[in-house]
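Have a look at the structure below, then the notes.
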Amino acid sequence: MSAIASPPHPVTGLLVRTGENLAAMRDAWLPSLTAEETGRALVETDRLISQLTELQARLAAHADAVDLAGPTGATSTANWLAVQTRHPRTSTHRLTRLAAAVDRDLYAPVRHALADGAINPDQALVITDAIDALPDTVTAEIRDRAVAVLLEEAAHHDARDLRRLGKRILDVVAPETGEAHEAQLLAAEEARAAASARLTMTEDGHGTTHGRFTIPTLHGDLLRKALTAIAAPKHQTATHGPGQGRRPGPERLGRALCELLERLPADHLPQAGGMNATLVVTMTLDDLRRDTAVGQLDTGHRLSAGAVRRLACEAGIIPAVLGARSEVLDLGRKQRLFSKAQRTALALRDRGCTADGCDWPPALCHAHHHDPWSHGGPTNLDNARLLCPRHHTRAHDPTWETRHLPGGKVAFHRRT
């Protein structure tokens, strides 16, 4: 911290002494602290940060009053402070927003609580934002009561939970108008969320597509529920073995999203151009039987023959006879390789994934051919078994070997 020569004001003098005291603790011997003392010191350090933030907020408000930024050419105190401290402008603008709020008489209790270290800066901003969001018809008395209630709740809730409470604060201090106000807030919030919905996807040229999206919280919850169900820890434990039953992480949720996309019912999707959304894979029957061949998607991307065969176990197949110039000479009808009745019979017989040690239920499994249908394997129950998505992928992966076990189970071993 830079020294302030001959401090002319108690505030600057205090800052100098505080900086000197902190500098004196730079080489303090921390190993001598007990666990209890360490915890107390951590909490007290946080309280000091809150107290210093309150002082910094008041200084920022005073900087606006004396036009500190004007002579330097800066457009605002926040921008001036960002240059001087090398903090990101998002942080300095957040500070000046807090300064503008606690400078108002209404929020004097908030400022005092922050100065005492009773609340942290995030909680202070949440409280002021919640009160500012109240309708203009709310009286000053009700606003004061709302501030007092939120300050009491801040002793038990973090900023995130406090924000939720703030949206319903009128239910506590003015129940007669609380529900209507919350309805207006939710309607406006949902409209903003719908308007801001975005999805971007970019392929990197190496077989991977990256993306990010912004969707309303409702649809985010729906997606999270679906992915968590597919990536449920108990299924992960059964599929991968002991030690895998932890909460689904990014990798497992990514796999679950792939599984969800593969299971979207095409016959329930909106039609475009007179047909359901369909991903078309084109390759000859001879190529489909070769491991070294590739398939062509109608989007222009290419797939390995193994991936095509795996998808074809569950997909609709449309045989087509093409001429020399790829004209369609004859187009057959789409047929599902296993009928609904066969799937029902498989569910009753196999009762789920037939991989050894896996307990995926039949509703989540794929119907797989013992002898590949692309090599002439018949589509009947004697040549069929249920496999979960992970083991189905292994069954079509040439780097894995499928071994049949007594009792109708199979085991997978990586080829050496």
Exercise for review: Calculate the dipole size of the stretch 99-163 relative to its Cα centre from +1 charges on Lys and Arg beta carbons and -1 charges on Asp and Glu beta carbons; express the result in debye to the nearest 20.
Suggested key: 20 debye
**Study point:** Heavy-atom SASA rank of 50, 196 (probe 1.4 Å, accessible area, largest first)
**Key:** 196, 50
Review point. Which value, in debye to the nearest 20, gives the size of the charge dipole of the stretch 12-63 about its Cα centre, when Lys and Arg are +1 and Asp and Glu are -1 at the Cβ?
Key: 200 debye
Study note, to complete from the structure: Sorting 138, 157, 56 by the position of each Cα along the dipole of the stretch 14-159 (Lys, Arg +1; Asp, Glu -1; all at Cβ), the one nearest the positive end of that ordering is 56
**Study point:** Compactness of the stretch 361-416 - radius of gyration and Dmax, Cα, Å
**Key:** 11.3, 33
Exercise for review: Divide the volume of the convex hull of the Cα atoms of the stretch 14-88 by its number of residues and quote the answer in cubic angstrom per residue.
Suggested key: 122 Å³
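The values are calculated or read from the model by the stated rules, or taken from the named source; none is laboratory data. Please read all numbers here as calculations on a predicted model, not as lab measurements. Cβ atoms come from the backbone with ideal geometry, glycine included; neighbour counts cover every protein chain shown. Accessible surface areas use protein heavy atoms only, side chains included; no ligands, DNA or RNA. Shrake-Rupley method; radii C 1.70, N 1.55, O 1.52, S 1.80 Å.
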